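Asker: Let me give you the structure first, and then I'll get to my questions.
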Ligand SMILES: Nc1ncnc2c1ncn2[C@@H]1O[C@H](COP(=O)(O)OP(=O)(O)OP(=O)(O)O)[C@@H](O)[C@H]1O
Ligand SMILES: Nc1ncnc2c1ncn2[C@@H]1O[C@H](COP(=O)(O)OP(=O)(O)OP(=O)(O)O)[C@@H](O)[C@H]1O
Ligand SMILES: [Mg+2]
Ligand SMILES: [Mg+2]
């Protein structure tokens, strides 16, 4: 193949207490999809942030078309034709979709912003990624999946020569992933060089050409995308991981959580289900099916118009998180930055948040006990950190996710609702989390798991509920469920069930 | 009503009520209005010249028959007066004059003259020699300017008195205490203090402790009740009493006359007096 | 919930929802015209306009800053310094008045730029940087003026007059500055960038917005608006005062927040700010007309401000 | 980079990094002791302590609020109202002084609770709710006192004295309140919850923290601390003044922010706040000792505050 479009040589980057990158090389050709693979905290995001001008490297250089270039900020990257989708959303919540799509490059006429042109451009872009949303909607109102699609559309709008995507599929369901891959293939065929980061190994063979594996901030291998998954995992983790879904069905007991006729107009309608002790119930559906809304309403985070929630037969007052927690409910929210973490606080602090109340005697918090518990959870989940006092903000995405899950593990909730629990988590840690789910059900707890990762839902659930347009449209037993079966239900058109 | 001011509506804009002196000014005016049977509306400009202009404008909208203005600032009050006189509402300036336009009457005691008196009294009590410090009011306010100027002019006559420090304490008792405490560190030998109002003087006295009135003489300004009490107790050497109640009374009297179309004097000077332990009984302390 | 029918109806209600303070203003005006017969006259309403002008102009400038998630405590002092600069250069300095006006605006802009440099490059919290400037500008105003008011040049003083028989120039200036602020915020690149920075500074930076440069523009605009406010104030008083506009920063910020902005940034509109400033002015005017006793006025103002914003937030919660 | 060797060294430097304002304070103290021979005496340093006390106590209370991401503009007014309440009930009301003290603290707490109810349940922005309270409390103080100072009961006035020959009670009270604030912030459930709320209110709520209840506690504490500050101030003056502590809210907030807190919440420590308050007091004391002219003082204070925080942020950037 031809000369590399972009080459990174010997990139090194340190943060206080950690060397995130240690002499990493990467070469990227026009017309290829280059997959970056590595455990959580291996340095993938740091690498691409250097390429996009968000960070400056301590050492090393970047060449484009064989010439060294300086990428000091996002503007430089853009001029060089490098466009980036970051792992964390970079959208302004209160601005409209259209404006976010043109952020930093608003079309102007006579010095003033040309709103009409901006809307037109937004419509075209949204069309390209096949997302139906009014460009005037504030981004805040979109669900996480559609925000991701807006991010993708924004990156495409640059017509870049190099397109970098940091875990774009982490929050997408199968349908969107398909759309995205079609776009990626088209761009690749047009000669765009693409960097693609994912923790879904099956996607690598489907979309990738070459794979660079990072471990502990070093590039340890460059292999073709066809490399068997077991081999990729070994390269990445340094040891083989049995990545079968290790669901170990437990003995079923009493219904712990029952939801009856739960309704919120415009979001979900007449949702009823039960989760029994020892059971893992999966909740599947397309993006925007209303799963997150149902979960939040059950947990008392949001209001609902009608219906009832019972835990161990006792009715929960609506819209009261504290009461729900007292009754034994727990929720790992889908939006870790917005709802799950205190980003400016330490890891220990975050891990102890849910148990803070219980660790209080006569008003005083047992800080030592809190720290010991936090250290244990961090160890169990393999959180990669410099210490319990490291700010969560500075953790890698996957490690942040582990903290969100970890704080609920420490709380020992009777019924744990997991909303996209393994989003951005590497294969080895996923298996850890599945084992923890097994341990929970073994000891008589129950789990309600929402996931857009169909194999995960199929692999880990005892029973699968499918939602479409705010309604429960079907229920499948684990042994009878297939991907096609779930998808067929998920696209059911429940006429008029949702005000649009 | 005995004075024949029945039902007359009068407006009064006071520069600030965050200061006992002006509270007394208002009280004097209110008493007189009650006595004459006039209705007096008092507003507080909170030491803000433009808010005062607003208040005068609002009085004219209310068809007040006369307006008593206690200017925040003599220069900045002119537009307010112009606005009132355009609709033929007479304006009486009280405590401070108005520069640049003519008002129907100015009832004032002279701050500059008061400052001079303060210098003379302080010098006398200090035995015409030694070190003195000045506690200044809020920088840039006319009261601070005029009293300070009068004091400087007055103190020049005493070559053996040295003013070793001038520091602002914003007319505030707590700040007077802190600033005086600090000045005593760098100037332990001061024997005289001039404070541009009684509040700061009372703060300075707290700072001086037992030395106040004995080794160190403090002269204040305003003659507020607490100031006069301190004079009686001997901790405050003297205060320049301005008789704020009298100022208020005079102003209302003139306002009622003007509202009834009678003529009044252009200026009424309410004398400033030095209140010392010897004569403090002459001043009302309530 | 959004519905597709009822275009105008839902539009006007959406408009109200976004400019909620309007409702509070309307209630206040109705209440006052019932309580005081003097309130609803043309002259009085124009007075209210004039009395709102200085706060409103300062508040327009503060709107830029608050939209970016910052705060500007120095606006009152900068207004005083700019006015003193004008008066001093025109009288003592002997400059022709147009040059003095330009110099006065330049002073405001310079103060804003110093704020911005401290914030954008020195990484000072805006609260501290502008608190420092609050002292510095006020001090310089005192130093230049030696603590005494300075007469404004005749020509500039006419800014305090009326055009024709009625229309007070301060009201005109306020409206013009409001339109300028609205256009900058809604239609220009720096304006939109301010919203982006206030909403998510990191996203703005990664989208190629030069955050530091936009902050320079933001605080410079705030300084320029403060200078205009200072000149209008001094013109009304025919004299530039070193102590002018002391404490106005809180009023300006209050007007912006009453107008619907959030101190955490990303929200705020010029129209809302105008309404906020009018609410404050109407309130003070009304209390004067009703002859509320001086000591009670502060209490009543506090209660009414709280109620006005409360009405707004409760109504908003009702619709959502 | 942090290294594993050099335990004490890296610990003390980490401590400095977290309490950066200490460095600024040290520089200031050294500079002043070089400039003025009177500065570094025991009496003068105790004076500085006394002069810092009121601001520091107010600022401790504001620390709670700022940690939750709020702001409390009413502390100065609440301090005045509480002191007036004490003096008035003890003199006019004829209450025994201990009862008057309790009533005064209750007044502070009540003001704080009103703030909190408006903020937590009325969803008012803290800026507006506490701005309203700023006016209301000041107005009530004026109404109760009829605008004139009221003498403090003799017994309470001793709070302004010294214990033994040297130690001023205001300094003692300041230290005690500081320790109380530090313990609440670091070791109690409400304190830890304040940090969580300031860091991410939604995450705190979803972790089962009753956000509204914690806010009630937060603002009530701020009110209680303001009441203590008001009583200390009035004791020093032997008289409660309706206009006391006007404008102190900005000083209090400045002390908190200089001490390393962020107005966006989630950060702040009692020790930092103490250092911030000391910086302000040292600065004012030094300017008096150096006899800086009145007009220049504000300029110098502004410049030094900016420099102090600048030194801190630049140093912090250096280490990262
Ligand atoms: N701003 C920062 N300050 C300190 N440490 C940081 C910072 N950013 C990243 N790190 C550290 O650098 C390391 C690499 O992080 P990076 O985000 O590149 O990982 P990643 O490979 O993208 O992981 P993931 O799969 O979880 O997204 C991690 O240990 C992380 O904690
Ligand atoms: N077609 C739609 N029209 C209007 N609003 C929608 C639509 N689809 C989703 N939403 C809104 O988007 C948000 C929910 O999106 P979200 O994608 O989080 O739902 P979900 O069922 O939890 O899906 P997922 O868990 O896959 O993200 C809600 O605010 C919902 O009202
Ligand atoms: Mg990453
Ligand atoms: Mg969801």
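Asker: Quick one: C:127, A:15, C:189, D:60, fewest Cβ neighbours within 10 Å first, how do they rank?
Answerer: Details: C:127 23, A:15 16, C:189 19, D:60 31.
Ascending number of Cβ neighbours within 10 Å: A:15, C:189, C:127, D:60.
Asker: P(r) for chain D: what percent of alpha-carbon pairs falls in each 10 Å bin, starting at zero?
Answerer: 6, 26, 32, 25, 9, 2, 0
Asker: Take the alpha-carbon centre of the range D:195-227, take the same for the range A:229-293, and report the distance between them in whole Å.
Answerer: Each part's Cα centre sits 34 Å from the other's.
Asker: A further question on this structure: What shape does the range A:63-201 have by the C-alpha gyration tensor, where a ≥ b ≥ c are the square roots of the eigenvalues, rounded means a/c under 1.5, and otherwise prolate means a/b greater than b/c and oblate the rest? It would help to have the intermediate numbers written out before the result.
Answerer: Working: a/c = 1.72, a/b = 1.09, b/c = 1.57.
Oblate.
Asker: Points 7 angstrom from Cα along the Cβ direction at residue A:376 and residue B:269: gap in nanometres?
Answerer: Computed distance between label sites residue A:376 and residue B:269 equals 9.0 nm.
Asker: Between residue A:323 and residue C:121, take the C-beta separation as r, use R0 = 41 Å, and let me know the FRET efficiency to the nearest 0.05.
Answerer: Numbers: r = 49 Å, r/R0 = 1.20.
Result of the calculation: an efficiency of 0.25.
Asker: Rounded to a whole number, what is D in µm²/s for the protein assembly as shown from Stokes-Einstein with the Kirkwood radius over alpha-carbon pairs (20 °C, 1.002 mPa s)?
Answerer: On the way: Rh = 34.5 Å.
Once the numbers are plugged in, D ends up at 62 µm²/s.
Asker: If I model a spin label as a point 7 Å beyond the Cα along the Cα-Cβ vector, how far apart are those points for residue B:88 and residue A:205 in nm?
Answerer: So the two model labels end up 10.2 nm from each other.
Asker: Another one. What does the C-alpha gyration tensor say about the overall shape of the range D:188-307? Classify as rounded when a/c is under 1.5, otherwise prolate if a/b is larger than b/c, or oblate.
Answerer: Details: a/c = 3.17, a/b = 1.70, b/c = 1.86.
The shape class here is oblate.
Asker: Sketch the reach of a paramagnetic label on residue C:92 as a point 7 Å from Cα along Cα-to-Cβ, and name the residues of the range C:98-117 whose backbone nitrogen lies under 16 Å away.
Answerer: Answer for this model: C:100, C:104.
Asker: Once the Cα atoms of helix B:244-259 and of chain B are each reduced to a long axis, what angle between those two axes, in degrees from 0 to 90 to the nearest 10, is obtained?
Answerer: Value to nearest ten degrees: 20.
Asker: Beyond 30 Å, what share of the Cα-Cα pairs of the range A:256-490 remains, rounded to the nearest whole percent? Please report the intermediate quantities before stating the final value.
Answerer: Values: 6248 of 27495 pairs.
For the range A:256-490, the fraction of Cα-Cα distances above 30 Å is 23 percent.
Asker: Based on DSSP H runs of at least 4 residues, each adding -39500 (n - 2.57), what is the mean residue ellipticity at 222 nm of chain A after dividing by all its residues, to the nearest 500 deg cm²/dmol? It would help to have the intermediate numbers written out before the result.
Answerer: On the way: 16 runs with 160 residues, N = 500.
After summing the helix terms and dividing by the residues of chain A, the value is -9500 deg cm²/dmol.
Asker: Same structure again: Sort C:91-97, C:224-230, B:200-206 for me by packing, meaning the mean count of neighbouring Cβ atoms within 10 Å per residue, highest on top.
Answerer: Working: C:91-97: 13.6, C:224-230: 31.7, B:200-206: 28.6.
Averaged packing, sorted descending, gives the order C:224-230, B:200-206, C:91-97.
Asker: Looking at chain A only, what percent of DSSP beta bridges run antiparallel? Nearest 5 please. Before the final figure, lay out each step's value.
Answerer: Working: 47 of 83 bridges.
Given both bridge residues lie in chain A, the antiparallel proportion sits at roughly 55 percent.
Asker: For peptide A:84-91, what's the mean number of Cβ atoms from other chains within 10 Å of each residue's Cβ?
Answerer: Values: counts 1, 0, 3, 0, 3, 2, 7, 5.
Taking all residues of A:84-91 together, the mean is 3.
Asker: Provide the percentage of antiparallel DSSP beta bridges, counting only those with both residues in the range A:256-490; round to the nearest 5.
Answerer: Working: 21 of 39 bridges.
About 55 percent, rounded to the nearest 5.
Asker: Can you give the Kirkwood hydrodynamic radius of the range D:35-89 from its Cα pairs, in Å with one decimal? Provide the component values of the computation, followed by the final result.
Answerer: Details: mean 1/r = 0.0739 Å⁻¹.
Answer for the range D:35-89: a Kirkwood hydrodynamic radius of 13.5 Å.
Asker: What whole-number value in cubic angstrom gives the convex hull volume per residue for the C-alpha atoms of the range A:56-120?
Answerer: With only Cα atoms used, the range A:56-120 gives 143 Å³ per residue.
Asker: Put a dot 7 Å past each Cα toward the Cβ at residue B:39 and residue C:113; how far apart are the dots in nm?
Answerer: Label at residue C:113, label at residue B:39, 5.6 nm between them.
Asker: To one decimal place, what orientation-averaged projected area in nm² is obtained for the convex hull of the Cα set of chain A? Working shown, then result.
Answerer: Numbers: hull surface 97.2 nm².
Seen from a random direction, the Cα hull of chain A projects 24.3 nm² on average.
Asker: Work out how much length residue B:101 to residue B:262 would gain on full extension: take 0.36 nm times their residue separation and subtract the Cα-Cα distance, in nm to one decimal. Could you put the intermediate results ahead of the total?
Answerer: Details: separation 161, 0.36 × 161 = 57.96 nm, distance 2.07 nm.
Stretched out fully, the residue B:101 to residue B:262 stretch lengthens by 55.9 nm.
Asker: For label points placed 7 Å from Cα toward Cβ, what is the shortest-first list of nm distances from residue C:42 to its copies?
Answerer: So the label point of residue C:42 gives 7.7 nm to the other copies.
Asker: Still on this structure, I have one more. Relative contact order of chain D, please, whole-number percent, based on alpha carbon pairs below 8 angstrom and at least 6 residues apart. Before the final figure, lay out each step's value.
Answerer: Numbers: 564 pairs, mean separation 110.2, N = 320.
For chain D, the relative contact order is 34 percent.
Asker: Shifting gears a bit: How many partner chain Cβ atoms sit within 10 Å of a residue's Cβ in peptide B:59-72, on average, as a whole number? Don't skip to the end; give the middle numbers.
Answerer: On the way: counts 3, 4, 13, 9, 1, 0, 0, 0, 0, 0, 0, 0, 0, 3.
For this peptide, the per-residue mean of nearby foreign Cβ atoms is 2.
Asker: Per the helix-only calculation at 222 nm, which mean residue ellipticity applies to chain C, given -39500 (n - 2.57) for every DSSP H run of n ≥ 4 and division by its residues, nearest 500 deg cm²/dmol?
Answerer: On the way: 14 runs with 234 residues, N = 320.
Mean residue ellipticity at 222 nm (helix-derived): -24500 deg cm²/dmol.
Asker: Here's another thing I want to ask about it. In what order do C:166, A:196 fall by count of nearby beta-carbon atoms within 10 Å, going from fewest to most?
Answerer: Numbers: C:166 10, A:196 27.
Listed from fewest to most nearby Cβ atoms, that is C:166, A:196.
Asker: Which shape class applies to the range A:1-101: rounded if a/c is under 1.5, otherwise prolate when a/b exceeds b/c and oblate if not, where a ≥ b ≥ c are the square roots of the Cα gyration tensor eigenvalues? Could you put the intermediate results ahead of the total?
Answerer: Details: a/c = 1.67, a/b = 1.22, b/c = 1.37.
Note, shape of the range A:1-101 comes out oblate.
Asker: Antiparallel DSSP bridges in the protein assembly as shown: what percent, to the nearest 5? It would help to have the intermediate numbers written out before the result.
Answerer: Details: 60 of 135 bridges.
Among the beta bridges of the protein assembly as shown, antiparallel pairing accounts for roughly 45 percent.
Asker: While we're on this one: If you average 1/r over every pair of different alpha-carbon atoms in the range C:129-171 and take one over that average, what Kirkwood value in Å do you get? Working shown, then result.
Answerer: Working: mean 1/r = 0.0775 Å⁻¹.
This gives a value of 12.9 Å.
Asker: Next question, about the same structure. Per the helix-only calculation at 222 nm, which mean residue ellipticity applies to chain B, given -39500 (n - 2.57) for every DSSP H run of n ≥ 4 and division by its residues, nearest 500 deg cm²/dmol? Display every interim value, and only then the final one.
Answerer: On the way: 9 runs with 118 residues, N = 286.
My calculation for chain B gives -13000 deg cm²/dmol from helical runs alone.
Asker: How do the peptides B:33-45, A:431-443 rank, highest first, by the average count of neighbouring beta carbon atoms within 10 Å per residue? Walk me through the numbers before you get to the answer.
Answerer: On the way: B:33-45: 22.0, A:431-443: 18.2.
Peptide ranking by packing, descending: B:33-45, A:431-443.
Asker: While we're here: Say R0 is 51 Å: what FRET efficiency, to the nearest 0.05, do residue D:158 and residue C:290 get from their beta-carbon distance?
Answerer: Working: r = 45 Å, r/R0 = 0.87.
For residue D:158 and residue C:290, the calculated efficiency is 0.70.
Asker: What's the average, rounded to a whole number, of partner chain beta-carbon atoms within 10 Å of each residue's beta-carbon in C:230-241?
Answerer: Details: counts 0, 0, 1, 4, 3, 1, 8, 12, 9, 10, 2, 10.
For this peptide, the per-residue mean of nearby foreign Cβ atoms is 5.
Asker: Measuring from a point 7 Å past the Cα of residue B:128 along Cα-to-C-beta, which residues in the range B:150-169 have an amide N at less than 18 Å?
Answerer: Under cut-off, by backbone N: B:153-163.
Asker: On to the next question. Report the calculated FRET efficiency for residue A:134 and residue A:223 (r = Cβ-Cβ distance, R0 = 41 Å), to the nearest 0.05. Numbers along the way, then the final one.
Answerer: Working: r = 44 Å, r/R0 = 1.08.
Using R0 = 41 Å, I get an efficiency of 0.40.
Values quoted throughout were computed directly from the atomic coordinates according to the rules given, and no laboratory measurement underlies them. Keep in mind that this is a model prediction, so the values were computed, not measured. Heads up, the Cβs are rebuilt from the backbone with ideal geometry, glycines too, and the neighbour counts pull from every protein chain shown.
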